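**Q** Let me begin by handing over the structure; questions about it come next.
The values are calculated or read from the model by the stated rules, or taken from the named source; none is laboratory data. Since we're looking at a predicted model, the values are computed, not measured. Heads up, the Cβs are rebuilt from the backbone with ideal geometry, glycines too, and the neighbour counts pull from every protein chain shown. The protein model used for the area step is the full one, side chains on, heavy atoms only, and it has no ligands, DNA or RNA in it. Shrake-Rupley method; radii C 1.70, N 1.55, O 1.52, S 1.80 Å.
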Amino acid sequence: MFHLYYVNKTLMASQKQAYDSIYMILKYNMMKTLNFVLLILISMINFSCEKNEVDDTPSLTWTKYTTNDGLSNNNIHAIAIDASDNVWIGTNSGVSKFDGVNWTNYTGFGGSPVLAIAIDKEEVKWFGTHGEGIVSLNGTTWEYYKNDESFSNCNVSNIITSIAIDAIGNKWFGTISGVAKYDGVHWTSYSTSDGLIDNSVTSIEIDKQGNKWFGTYGGVSKFADNNWTNYSYSVNNTNGIAGNGVMSIVTDKKENKWFGTLGGLSEFDGVNWTKHATETEWLVAGSPILSANIDTKGNLWFGSNGWGISVFDGVKWTTYTKVNGLDIDPVHAIAIDSKGNKWFGTSTGLLKLTDDN
(Lines give C-alpha, C1' and ligand atoms only; values in the text may rest on other atoms or scores of the structure.)
Protein backbone atom coordinates (compact mmCIF):
# COMPACT_ATOMS: atom_id res chain seq x y z
CA MET A 1 0.00 0.00 0.00
CA PHE A 2 2.76 2.35 0.87
CA HIS A 3 4.45 1.63 -2.42
CA LEU A 4 1.24 2.19 -4.35
CA TYR A 5 0.62 5.44 -2.46
CA TYR A 6 4.12 6.57 -3.21
CA VAL A 7 3.75 5.71 -6.89
CA ASN A 8 0.42 7.54 -7.09
CA LYS A 9 1.92 10.55 -5.32
CA THR A 10 4.88 10.51 -7.71
CA LEU A 11 2.55 10.29 -10.68
CA MET A 12 0.48 13.19 -9.33
CA ALA A 13 3.62 15.28 -8.86
CA SER A 14 4.70 14.50 -12.39
CA GLN A 15 1.28 15.42 -13.74
CA LYS A 16 1.39 18.71 -11.83
CA GLN A 17 4.79 19.52 -13.29
CA ALA A 18 3.48 18.67 -16.75
CA TYR A 19 0.42 20.84 -16.22
CA ASP A 20 2.62 23.66 -14.92
CA SER A 21 4.90 23.36 -17.92
CA ILE A 22 1.95 23.38 -20.31
CA TYR A 23 0.49 26.39 -18.47
CA MET A 24 3.78 28.30 -18.71
CA ILE A 25 4.11 27.48 -22.41
CA LEU A 26 0.54 28.61 -23.05
CA LYS A 27 1.05 31.75 -20.98
CA TYR A 28 4.27 32.57 -22.84
CA ASN A 29 2.63 32.02 -26.21
CA MET A 30 -0.36 34.12 -25.22
CA MET A 31 1.93 36.96 -24.12
CA LYS A 32 3.80 36.74 -27.41
CA THR A 33 0.50 36.82 -29.28
CA LEU A 34 -0.75 39.78 -27.25
CA ASN A 35 2.50 41.67 -27.78
CA PHE A 36 2.30 40.97 -31.49
CA VAL A 37 -1.31 42.18 -31.64
CA LEU A 38 -0.39 45.31 -29.66
CA LEU A 39 2.52 45.97 -31.99
CA ILE A 40 0.21 45.74 -35.00
CA LEU A 41 -2.32 48.07 -33.35
CA ILE A 42 0.36 50.62 -32.48
CA SER A 43 1.68 50.49 -36.03
CA MET A 44 -1.84 51.02 -37.38
CA ILE A 45 -2.37 53.99 -35.06
CA ASN A 46 0.95 55.52 -36.06
CA PHE A 47 0.16 55.01 -39.73
CA SER A 48 -3.26 56.56 -39.24
CA CYS A 49 -1.76 59.59 -37.50
CA GLU A 50 0.85 60.00 -40.19
CA LYS A 51 -1.84 59.75 -42.87
CA ASN A 52 -3.93 62.39 -41.12
CA GLU A 53 -0.93 64.71 -40.91
CA VAL A 54 -0.34 64.34 -44.63
CA ASP A 55 -4.02 64.90 -45.41
CA ASP A 56 -4.04 68.07 -43.29
CA THR A 57 -1.16 69.61 -45.23
CA PRO A 58 -2.54 72.09 -47.77
CA SER A 59 -1.99 71.14 -51.38
CA LEU A 60 -1.53 74.35 -53.34
CA THR A 61 -1.67 74.77 -57.09
CA TRP A 62 -0.41 77.84 -58.91
CA THR A 63 -1.67 78.73 -62.39
CA LYS A 64 -0.45 81.63 -64.50
CA TYR A 65 -2.44 83.26 -67.31
CA THR A 66 -0.99 85.59 -69.93
CA THR A 67 -1.86 87.01 -73.32
CA ASN A 68 -1.11 83.55 -74.70
CA ASP A 69 -4.22 82.32 -72.86
CA GLY A 70 -6.48 85.24 -73.80
CA LEU A 71 -5.61 88.04 -71.35
CA SER A 72 -5.71 91.44 -73.08
CA ASN A 73 -2.41 92.63 -71.58
CA ASN A 74 0.02 91.12 -69.09
CA ASN A 75 0.42 94.31 -67.06
CA ILE A 76 -2.43 94.15 -64.52
CA HIS A 77 -3.56 96.98 -62.23
CA ALA A 78 -6.90 95.80 -60.78
CA ILE A 79 -9.04 92.70 -60.19
CA ALA A 80 -12.67 92.28 -59.09
CA ILE A 81 -14.90 89.20 -58.79
CA ASP A 82 -18.59 89.32 -59.64
CA ALA A 83 -21.46 87.28 -58.14
CA SER A 84 -20.93 84.51 -60.71
CA ASP A 85 -17.22 84.28 -59.89
CA ASN A 86 -16.24 85.86 -63.18
CA VAL A 87 -12.86 87.53 -62.80
CA TRP A 88 -12.62 91.09 -64.15
CA ILE A 89 -9.08 92.24 -64.79
CA GLY A 90 -7.97 95.81 -65.42
CA THR A 91 -4.88 95.95 -67.65
CA ASN A 92 -2.81 98.37 -69.70
CA SER A 93 -5.06 97.54 -72.67
CA GLY A 94 -8.56 97.65 -71.26
CA VAL A 95 -10.44 94.94 -69.35
CA SER A 96 -10.51 91.15 -69.58
CA LYS A 97 -13.28 88.96 -68.16
CA PHE A 98 -12.46 85.33 -67.37
CA ASP A 99 -15.18 82.81 -66.45
CA GLY A 100 -12.73 80.02 -65.73
CA VAL A 101 -12.75 78.78 -69.31
CA ASN A 102 -13.41 81.62 -71.73
CA TRP A 103 -11.94 85.09 -72.06
CA THR A 104 -13.79 88.22 -73.14
CA ASN A 105 -11.83 91.42 -73.75
CA TYR A 106 -13.21 94.96 -73.64
CA THR A 107 -11.28 97.79 -75.25
CA GLY A 108 -13.75 100.69 -75.07
CA PHE A 109 -11.57 102.78 -72.80
CA GLY A 110 -9.95 105.04 -75.36
CA GLY A 111 -6.73 103.07 -75.14
CA SER A 112 -6.30 104.01 -71.49
CA PRO A 113 -5.07 101.59 -68.82
CA VAL A 114 -7.75 100.52 -66.34
CA LEU A 115 -6.42 101.17 -62.84
CA ALA A 116 -9.40 100.30 -60.64
CA ILE A 117 -12.53 98.10 -60.69
CA ALA A 118 -15.47 97.79 -58.31
CA ILE A 119 -18.81 95.97 -58.62
CA ASP A 120 -21.94 97.23 -56.88
CA LYS A 121 -24.91 95.27 -55.48
CA GLU A 122 -26.74 95.53 -58.81
CA GLU A 123 -23.72 93.92 -60.50
CA VAL A 124 -22.86 97.15 -62.33
CA LYS A 125 -19.13 97.23 -63.04
CA TRP A 126 -17.27 100.47 -62.38
CA PHE A 127 -13.90 101.09 -64.00
CA GLY A 128 -11.37 103.78 -63.20
CA THR A 129 -9.08 104.67 -66.07
CA HIS A 130 -5.89 106.61 -66.63
CA GLY A 131 -7.16 109.39 -68.87
CA GLU A 132 -10.76 108.50 -69.73
CA GLY A 133 -12.34 109.09 -66.35
CA ILE A 134 -14.92 106.63 -65.00
CA VAL A 135 -16.68 104.01 -67.10
CA SER A 136 -19.61 101.84 -65.98
CA LEU A 137 -21.01 98.67 -67.54
CA ASN A 138 -24.60 97.69 -66.70
CA GLY A 139 -25.38 94.52 -68.62
CA THR A 140 -24.55 95.68 -72.13
CA THR A 141 -24.94 99.42 -71.48
CA TRP A 142 -21.82 101.56 -71.19
CA GLU A 143 -21.73 104.98 -69.53
CA TYR A 144 -18.85 107.44 -69.31
CA TYR A 145 -18.20 110.00 -66.58
CA LYS A 146 -15.46 112.44 -67.48
CA ASN A 147 -14.22 115.61 -65.92
CA ASP A 148 -15.62 118.67 -67.65
CA GLU A 149 -14.76 122.05 -66.16
CA SER A 150 -17.81 123.60 -67.79
CA PHE A 151 -20.05 121.52 -65.49
CA SER A 152 -20.06 121.75 -61.72
CA ASN A 153 -21.83 118.41 -61.27
CA CYS A 154 -19.22 116.05 -62.65
CA ASN A 155 -16.25 113.88 -61.82
CA VAL A 156 -13.19 115.82 -60.58
CA SER A 157 -10.52 114.05 -62.63
CA ASN A 158 -10.00 111.75 -65.59
CA ILE A 159 -7.33 109.73 -63.80
CA ILE A 160 -9.02 107.35 -61.37
CA THR A 161 -6.73 105.28 -59.14
CA SER A 162 -9.16 103.56 -56.75
CA ILE A 163 -12.86 102.83 -56.22
CA ALA A 164 -14.93 101.79 -53.18
CA ILE A 165 -18.69 101.45 -52.67
CA ASP A 166 -20.33 102.14 -49.31
CA ALA A 167 -23.26 100.36 -47.65
CA ILE A 168 -25.89 102.62 -49.21
CA GLY A 169 -24.44 102.41 -52.70
CA ASN A 170 -22.46 105.64 -52.94
CA LYS A 171 -19.40 105.31 -55.15
CA TRP A 172 -16.15 106.80 -53.89
CA PHE A 173 -13.39 107.46 -56.39
CA GLY A 174 -9.79 108.20 -55.60
CA THR A 175 -8.19 110.47 -58.18
CA ILE A 176 -5.03 112.52 -58.65
CA SER A 177 -7.15 115.59 -57.80
CA GLY A 178 -8.80 114.41 -54.62
CA VAL A 179 -11.87 112.28 -53.86
CA ALA A 180 -15.11 112.18 -55.85
CA LYS A 181 -18.36 110.81 -54.40
CA TYR A 182 -21.27 109.85 -56.66
CA ASP A 183 -24.73 109.02 -55.27
CA GLY A 184 -26.24 108.22 -58.66
CA VAL A 185 -27.30 111.79 -59.33
CA HIS A 186 -24.95 114.26 -57.70
CA TRP A 187 -21.19 114.51 -57.49
CA THR A 188 -19.37 115.74 -54.39
CA SER A 189 -15.64 116.41 -54.35
CA TYR A 190 -13.18 116.51 -51.46
CA SER A 191 -9.66 117.88 -51.50
CA THR A 192 -7.00 119.27 -49.20
CA SER A 193 -9.12 122.39 -48.80
CA ASP A 194 -11.77 120.20 -47.11
CA GLY A 195 -9.34 118.28 -44.90
CA LEU A 196 -7.92 115.52 -47.12
CA ILE A 197 -4.23 115.09 -46.33
CA ASP A 198 -3.13 114.98 -49.98
CA ASN A 199 -4.97 115.21 -53.30
CA SER A 200 -3.15 112.31 -54.94
CA VAL A 201 -5.28 109.40 -53.69
CA THR A 202 -3.95 105.88 -54.16
CA SER A 203 -6.32 103.61 -52.18
CA ILE A 204 -9.69 103.55 -50.39
CA GLU A 205 -11.09 101.35 -47.62
CA ILE A 206 -14.55 101.60 -46.03
CA ASP A 207 -14.93 99.86 -42.66
CA LYS A 208 -18.00 98.35 -40.97
CA GLN A 209 -18.74 101.63 -39.20
CA GLY A 210 -18.87 103.40 -42.56
CA ASN A 211 -15.64 105.32 -41.98
CA LYS A 212 -13.75 106.09 -45.17
CA TRP A 213 -9.98 105.69 -45.21
CA PHE A 214 -8.08 107.33 -48.04
CA GLY A 215 -4.50 106.38 -48.75
CA THR A 216 -2.49 109.09 -50.47
CA TYR A 217 1.09 109.95 -51.30
CA GLY A 218 1.02 112.25 -48.26
CA GLY A 219 -0.27 109.74 -45.71
CA VAL A 220 -3.76 108.52 -44.81
CA SER A 221 -7.00 110.36 -44.07
CA LYS A 222 -9.96 109.06 -42.10
CA PHE A 223 -13.31 110.62 -42.98
CA ALA A 224 -16.01 109.97 -40.37
CA ASP A 225 -19.14 111.98 -39.63
CA ASN A 226 -17.86 114.79 -41.85
CA ASN A 227 -14.70 115.04 -39.77
CA TRP A 228 -11.18 114.45 -41.05
CA THR A 229 -8.33 112.83 -39.15
CA ASN A 230 -4.94 112.66 -40.83
CA TYR A 231 -1.92 110.44 -40.23
CA SER A 232 1.45 110.90 -41.89
CA TYR A 233 4.96 109.54 -41.67
CA SER A 234 7.61 111.50 -39.85
CA VAL A 235 11.25 110.58 -39.28
CA ASN A 236 10.86 111.98 -35.77
CA ASN A 237 7.87 109.75 -34.96
CA THR A 238 8.84 106.08 -34.85
CA ASN A 239 5.41 105.13 -33.46
CA GLY A 240 3.41 106.27 -36.47
CA ILE A 241 2.68 104.99 -39.96
CA ALA A 242 5.61 103.40 -41.81
CA GLY A 243 5.40 105.60 -44.91
CA ASN A 244 3.40 108.27 -46.69
CA GLY A 245 2.77 106.50 -49.99
CA VAL A 246 -0.20 104.38 -48.90
CA MET A 247 -0.75 101.98 -51.78
CA SER A 248 -3.20 99.58 -50.10
CA ILE A 249 -5.50 99.34 -47.06
CA VAL A 250 -7.22 96.30 -45.57
CA THR A 251 -9.29 95.82 -42.40
CA ASP A 252 -8.86 92.63 -40.37
CA LYS A 253 -11.49 90.80 -38.30
CA LYS A 254 -10.59 92.86 -35.23
CA GLU A 255 -11.29 96.00 -37.26
CA ASN A 256 -7.60 96.90 -37.15
CA LYS A 257 -6.42 98.67 -40.29
CA TRP A 258 -3.35 97.50 -42.18
CA PHE A 259 -1.63 100.03 -44.42
CA GLY A 260 0.70 98.90 -47.16
CA THR A 261 3.01 101.80 -47.86
CA LEU A 262 6.10 102.61 -49.89
CA GLY A 263 7.95 102.57 -46.56
CA GLY A 264 6.64 99.28 -45.18
CA LEU A 265 3.62 97.75 -43.46
CA SER A 266 1.77 99.31 -40.53
CA GLU A 267 -1.10 98.07 -38.37
CA PHE A 268 -3.40 100.51 -36.57
CA ASP A 269 -5.91 99.56 -33.85
CA GLY A 270 -7.40 103.03 -33.60
CA VAL A 271 -4.95 104.14 -30.94
CA ASN A 272 -1.61 102.43 -31.39
CA TRP A 273 0.52 101.83 -34.46
CA THR A 274 2.52 98.64 -35.00
CA LYS A 275 5.19 98.56 -37.68
CA HIS A 276 5.80 95.16 -39.25
CA ALA A 277 9.35 95.25 -40.51
CA THR A 278 10.98 91.92 -39.71
CA GLU A 279 8.40 89.18 -40.35
CA THR A 280 9.37 88.48 -43.96
CA GLU A 281 12.49 88.89 -46.05
CA TRP A 282 10.89 91.55 -48.19
CA LEU A 283 9.69 93.53 -45.18
CA VAL A 284 13.24 93.44 -43.83
CA ALA A 285 14.45 94.65 -47.22
CA GLY A 286 11.97 97.53 -47.12
CA SER A 287 10.03 96.53 -50.22
CA PRO A 288 6.87 98.58 -50.83
CA ILE A 289 3.53 96.86 -50.24
CA LEU A 290 1.50 97.38 -53.39
CA SER A 291 -1.68 95.38 -52.63
CA ALA A 292 -3.61 93.76 -49.78
CA ASN A 293 -6.76 91.73 -49.14
CA ILE A 294 -8.38 89.44 -46.55
CA ASP A 295 -9.94 86.01 -47.13
CA THR A 296 -12.97 84.47 -45.41
CA LYS A 297 -10.74 82.79 -42.80
CA GLY A 298 -9.28 86.12 -41.78
CA ASN A 299 -5.90 85.54 -43.42
CA LEU A 300 -4.27 88.72 -44.65
CA TRP A 301 -2.61 88.67 -48.08
CA PHE A 302 0.01 91.17 -49.18
CA GLY A 303 1.65 91.72 -52.55
CA SER A 304 5.16 93.16 -52.69
CA ASN A 305 7.17 94.98 -55.30
CA GLY A 306 8.86 91.93 -56.77
CA TRP A 307 9.67 90.04 -53.56
CA GLY A 308 6.68 87.75 -53.66
CA ILE A 309 3.35 87.27 -51.87
CA SER A 310 2.96 86.90 -48.11
CA VAL A 311 0.03 85.69 -46.02
CA PHE A 312 -0.45 86.28 -42.28
CA ASP A 313 -2.85 83.98 -40.40
CA GLY A 314 -2.69 85.98 -37.18
CA VAL A 315 0.22 83.95 -35.80
CA LYS A 316 2.69 83.10 -38.54
CA TRP A 317 3.77 84.44 -41.91
CA THR A 318 4.16 82.42 -45.10
CA THR A 319 5.84 83.86 -48.18
CA TYR A 320 5.71 82.63 -51.77
CA THR A 321 8.49 83.93 -53.99
CA LYS A 322 8.25 81.68 -57.06
CA VAL A 323 5.58 80.16 -59.30
CA ASN A 324 6.63 77.14 -61.32
CA GLY A 325 10.25 78.03 -60.75
CA LEU A 326 9.93 81.67 -61.82
CA ASP A 327 10.08 84.74 -59.57
CA ILE A 328 6.81 86.47 -58.73
CA ASP A 329 6.81 89.94 -60.27
CA PRO A 330 5.29 93.04 -58.59
CA VAL A 331 1.75 92.31 -57.38
CA HIS A 332 -0.57 95.28 -57.98
CA ALA A 333 -3.91 93.64 -57.14
CA ILE A 334 -5.37 90.80 -55.05
CA ALA A 335 -8.90 89.37 -55.22
CA ILE A 336 -10.55 86.28 -53.67
CA ASP A 337 -13.47 84.41 -55.20
CA SER A 338 -16.32 82.56 -53.46
CA LYS A 339 -14.41 79.25 -53.61
CA GLY A 340 -11.44 80.74 -51.78
CA ASN A 341 -9.21 80.92 -54.85
CA LYS A 342 -6.75 83.80 -54.69
CA TRP A 343 -6.12 85.91 -57.80
CA PHE A 344 -3.07 88.11 -58.11
CA GLY A 345 -2.52 90.75 -60.75
CA THR A 346 1.16 91.16 -61.57
CA SER A 347 3.18 93.13 -64.09
CA THR A 348 3.63 89.96 -66.16
CA GLY A 349 0.27 88.21 -65.98
CA LEU A 350 -2.50 86.84 -63.78
CA LEU A 351 -1.78 84.30 -61.02
CA LYS A 352 -4.33 81.94 -59.46
CA LEU A 353 -3.63 80.13 -56.20
CA THR A 354 -5.90 77.15 -55.53
CA ASP A 355 -6.01 75.23 -52.25
CA ASP A 356 -6.82 71.70 -53.42
CA ASN A 357 -7.94 70.72 -49.91
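**Q** Looking only at the range 148-164, how many residues end up being at pLDDT 90 or above and either open to solvent by 20 Å² or more (accessible area, probe 1.4 Å) or in contact with a helix residue (DSSP H, G or I) (Cβ under 8 Å, 6 or more places away or on another chain) (or both)?
**A** Summing the residues that are at pLDDT 90 or above and either open to solvent by 20 Å² or more (accessible area, probe 1.4 Å) or in contact with a helix residue (DSSP H, G or I) (Cβ under 8 Å, 6 or more places away or on another chain) (or both) in the range 148-164 gives 5.
Residues are listed down the side, and each one gets a yes or a no for (1) exposed (fewer than 14 other Cβ atoms within 10 Å of the Cβ); (2) of a type in the set (Lys, Arg); (3) in a strand (DSSP E or B); (4) touching a residue at least 60 places away in the same chain (Cβ under 8 Å):
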| residue | (1), (2), (3), (4) |
| --- | --- |
| Val311 | no, no, yes, no |
| Ala333 | no, no, yes, yes |
| Lys339 | yes, yes, no, yes |
| Gly345 | no, no, yes, yes |
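**Q** In addition: Find the residue count for the range 217-240, including only residues that are of a type in the set (A, V, I, L, M) and buried (at least 22 other Cβ atoms within 10 Å of the Cβ).
**A** 1
**Q** Take the conditions open to solvent by 20 Å² or more (accessible area, probe 1.4 Å), assigned to a strand (DSSP E or B) and out of contact with any Pro (no Cβ under 9 Å at 6 or more places or on another chain) and apply them to Ser189. Does it pass?
**A** Yes.
**Q** In the range 71-177, which strands (runs of 3 or more DSSP E) lie fully inside it and hold 1 or more residues that are closer than 20 Å to Val250 by Cβ, of a type in the set (A, V, I, L, M, F, W, C) and touching a residue at least 60 places away in the same chain (Cβ under 8 Å)?
**A** Result: 76-81, 87-91.
**Q** Filter the range 277-296 down to the residues that are out of contact with any Gly (no Cβ under 6 Å at 6 or more places or on another chain) and open to solvent by less than 20 Å² (accessible area, probe 1.4 Å), then identify the one that is farthest from Asp329 (Cα to Cα).
**A** Asp295
**Q** Next up: Could you tell me how many of the residues in the range 245-266 are open to solvent by 20 Å² or more (accessible area, probe 1.4 Å), of a type outside the set (A, V, I, L, M, F, W, C) and within 17 Å of Pro330 (Cα to Cα)?
**A** 1
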